[in-house]
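**Student:** Okay, handing you the structure first.
The values are calculated or read from the model by the stated rules, or taken from the named source; none is laboratory data. None of the values given here were measured: they were computed from a predicted structure. Here the Cβ positions follow ideal geometry from the backbone for every residue, glycine too, while neighbour counts run over all protein chains shown. Remember, those area values only see protein heavy atoms, side chains included, never the ligands or the DNA or RNA. Shrake-Rupley method; radii C 1.70, N 1.55, O 1.52, S 1.80 Å.
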Amino acid sequence: MSYFTHTAKQLQEKIAAKELSVRQVTEEAFTRIDAVDADVQAFLALNKEQALTQADEMDQVASEERGPLFGMPIGVKDNIVTAGIETTAASKILQGFNPIYDATVVRKLRAAGMITVGKINMDEFAMGSSNENSAYKKTKNPWNIAHVPGGSSGGSAAAVAAGEVPFTLGSDTGGSIRQPAAFCGVVGMKPTYGRVSRFGLIAFASSLDQIGPITRTVEDNALLLEAISGFDEMDSTSANVEVPKFSEAVGKSIQGLRIGVPKEYMGEGVSEEVRASVLEALKVLEAQGAVWEEVSLPHSEYALATYYLLSSSEASSNLARFDGIRYGYRAEEAKNLLELYKMTRAQGFGDEVKRRIMLGTYSLSAGSYDAYYLKAQKVRTLIKQDFENVFENYDVIVGPTTPTPAFKVGEKVDDPLTMYANDILTIPVNLAGVPGISIPCGFAEGLPLGLQIIGKHFDESTIYQVASAYESATEFHKQTPALWEVNA
C-alpha cells in the first residue's frame, strides 16, 4: 500500500515513531511517478537529486522543530517560479527559463519543511479547462485516461489523484483549481483574493489569479493553506489580515449553519447526475443540523462573458513582456528587432494564448474600451454584490463545481465556446474575489463529481468546517483510481 493513502497527520506519526523516514516518504513520490506518470503525464520536470539531499538533511532535524507538514513531498504548478528549476508555464516561449528566485509560496513551503519534488503540467499560461493547451504534453485523468483531468491545474489535480504526491499547488483564475479537483476526485481550494501572495506567480489575469492547495483530504488542504497564507510586502494585492488556524475548523459541528443554494447553479446545462449528487450532499449536511434554502445570484448569466473580456484584457497586457529579449525562447531567423518580436511571439505562443491576446487587445482598444472592458467591469461589481446580498443571510453557498463529469480528450478542443462554458459555475467566485472549495461528492460512469462550497471574503474556516462535516459522513474521498493498484 502506498504511503500516500495516509494523511499528513498519520505520516507525521509514523515518522515520529521512526516507522518511516523523510527519505522514504520522498522516495515514495519518485517511485509512484516512475510507476504511473507515463500514463498520467502530470510532471514536466523533476527535482530528484536536490529533494533526496534535502530529505536526508531533514531526517537529522530534532522532532520538536518539526511542524505538521514537515518532510511532506509536494508538486508545484509550472507557473510558480522555483529558483534553479526550469519554469515554463507550459509555454514554448519560456522554454529554458530558469528563475533566479523562489516565489513567496515556495519559500513558505520550505519554511514549513516541505520538499518540492518537481514542476507540474498545466494549460499554457493557465489558459484552458482541459490541459490540452500545454506546449509539452497532455495530462490525462487518472480515473480514465481517455478523459481530460480539467484545467488549467489539471496536472496538479491528476498528480494527487494518481498518488504521485499527497500535496500540490495550483492557481485559480476562473476555476483552475476547483474544476480539475472535481474532475479528478480530490480537494481543491481557491482562497480569497489577497489571502496568498502572488509574488512569483507568472501572471495571467492579475485581478483574478490566486494560488491554492490541492490534496486528498480536507484537513490536509487546511494545513497547506495555513502554510502558504499571509501578508507579503512583495505583492501589492496581498491582504494584511490575520491567518486563522484553518485546520481547527475541521471536525466542528455545523448545527444551525445556513446554506444558500443558487437556482442558477442547478438549472439548464447541469447534468442530471451532477444535480442529483448535490441534492444528496445537501441531505448529508441537513442530517448534521445545517439548513438550506434556494437563493438567487441573478447576474450569474453574464459571468462568462465578463470573465473572458476582463481576463483576456489583463492577459494581453501581462504577456507583452515575453518578446524574445529577456526570457526563454527567441526566434533565430529574425533580421531586425521588430521582426524578432513578431517571430518570437508567433512561434512561442500557442493558439489559445494568441486567441486571448487578440480578444483582450481588441477590448482595450480606443474604439472598444467603453463598450466592452468598462461595461464588463461594471457587471463584475454587480456579480460581487450578488454574493454579498446572499451572505447577509447565509453562512456558505453550495452547488456543483462543474456542469458535467470530465469529458473525453479531444472532445471540445475545436469548440472554444463550449470549452469556456465548462467553467460557468466557478468563474463568478473569481469575479467576486470570494473563496471556494471543491470536494468529491459522487461518481458518474466511473468519473468523480465535485461539490463546490463558497464562503465570505476571508472566511475559509467556515468552508473547511462544512467540507469536513460532509467528508466525515461520506466515503468518496477514500476511493482511488484503479491505476493506484495496477501500477503500484
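**Student:** Whether any residue in the stretch 477-487 is under 30 Å from residue 242 (Cβ atoms) and either in a helix (DSSP H, G or I) or more than 19 Å from the chain's Cα centre (by Cα) (or both) is what I want to check.
**Tutor:** Within the stretch 477-487 (the criterion being under 30 Å from residue 242 (Cβ atoms) and either in a helix (DSSP H, G or I) or more than 19 Å from the chain's Cα centre (by Cα) (or both)), the answer is yes, since at least one residue qualifies.
**Student:** Only one of these conditions is not met by residue 280: (1) over 23 Å from the mean Cα position of the chain (by Cα); (2) modelled with pLDDT under 95. Which number is it?
**Tutor:** So the condition that residue 280 fails would be (2).
One line per residue, one yes/no per condition, for (1) touching a Cys at 6+ places or on another chain (Cβ under 7 Å); (2) surrounded by 24 or more Cβ atoms within 10 Å (Cβ to Cβ):
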| residue | (1), (2) |
| --- | --- |
| 110 | no, no |
| 118 | no, yes |
| 121 | no, yes |
| 124 | no, yes |
| 128 | no, yes |
| 132 | no, no |
| 135 | no, no |
| 142 | yes, yes |
| 149 | yes, yes |
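**Student:** Hey, can you tell me all the residues within the stretch 62-93 that are part of a helix (DSSP H, G or I) and surrounded by fewer than 24 Cβ atoms within 10 Å (Cβ to Cβ)?
**Tutor:** 63, 64, 65, 92
**Student:** Those residues that are assigned to a loop (DSSP other than H, G, I, E, B) and either in contact with a helix residue (DSSP H, G or I) (Cβ under 6 Å, 6 or more places away or on another chain) or surrounded by 24 or more Cβ atoms within 10 Å (Cβ to Cβ) (or both), I need them from the stretch 456-468; list them, please.
**Tutor:** Within the stretch 456-468, just 456 meets the criteria.
**Student:** For residues that are more than 18 Å from residue 455 (Cα to Cα) and crowded, with 22+ Cβ neighbours inside 10 Å, tally how many sit in the stretch 200-216.
**Tutor:** 7
**Student:** Is it true that some residue in the stretch 369-388 is acidic (Asp, Glu), over 24 Å from residue 246 (Cβ atoms) and surrounded by fewer than 21 Cβ atoms within 10 Å (Cβ to Cβ)?
**Tutor:** First pass over the stretch 369-388, keeping only residues acidic (Asp, Glu): 370, 386, 388.
Cutting the leftovers down to over 24 Å from residue 246 (Cβ atoms) gives us 370, 386.
Applying the additional criterion that residues be surrounded by fewer than 21 Cβ atoms within 10 Å (Cβ to Cβ) yields 370.
Yes, the stretch 369-388 contains a residue that is acidic (Asp, Glu), over 24 Å from residue 246 (Cβ atoms) and surrounded by fewer than 21 Cβ atoms within 10 Å (Cβ to Cβ).
Let's see how each residue does on (1) within 28 Å of residue 230 (Cβ to Cβ); (2) modelled with pLDDT of 95 or more; (3) not charged (D, E, K, R):
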{"residue": "357", "(1), (2), (3)": "no, yes, yes"}
{"residue": "366", "(1), (2), (3)": "no, no, yes"}
{"residue": "369", "(1), (2), (3)": "no, no, yes"}
{"residue": "382", "(1), (2), (3)": "no, yes, yes"}
{"residue": "411", "(1), (2), (3)": "no, no, no"}
{"residue": "422", "(1), (2), (3)": "no, no, yes"}
{"residue": "433", "(1), (2), (3)": "yes, yes, yes"}
{"residue": "443", "(1), (2), (3)": "no, yes, yes"}
{"residue": "459", "(1), (2), (3)": "yes, yes, no"}
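**Student:** Quick one: what pairs do we get from the stretch 148-165, first residue more than 23 Å from residue 3 (Cα to Cα), second among the basic types (Lys, Arg), C-beta under 6 Å, 6+ apart or different chains?
**Tutor:** 153/77
**Student:** Okay, next question. Which residues, taken from the stretch 180-239, are in a loop (DSSP other than H, G, I, E, B), over 27 Å from residue 377 (Cβ atoms) and out of contact with any strand residue (DSSP E or B) (no Cβ under 9 Å at 6 or more places or on another chain)?
**Tutor:** Passing the criteria: only 233.
**Student:** Taking residue 163, is it in a loop (DSSP other than H, G, I, E, B) and either open to solvent by less than 10 Å² (accessible area, probe 1.4 Å) or at pLDDT 95 or above (or both)?
**Tutor:** Spelling it out, residue 163 is indeed in a loop (DSSP other than H, G, I, E, B) and either open to solvent by less than 10 Å² (accessible area, probe 1.4 Å) or at pLDDT 95 or above (or both).
**Student:** Quick one: in the stretch 65-90, of everything that is of a type outside the set (A, V, I, L, M), closer than 27 Å to residue 347 by Cβ and more than 18 Å from the chain's Cα centre (by Cα), which residue is modelled with the highest pLDDT?
**Tutor:** 86
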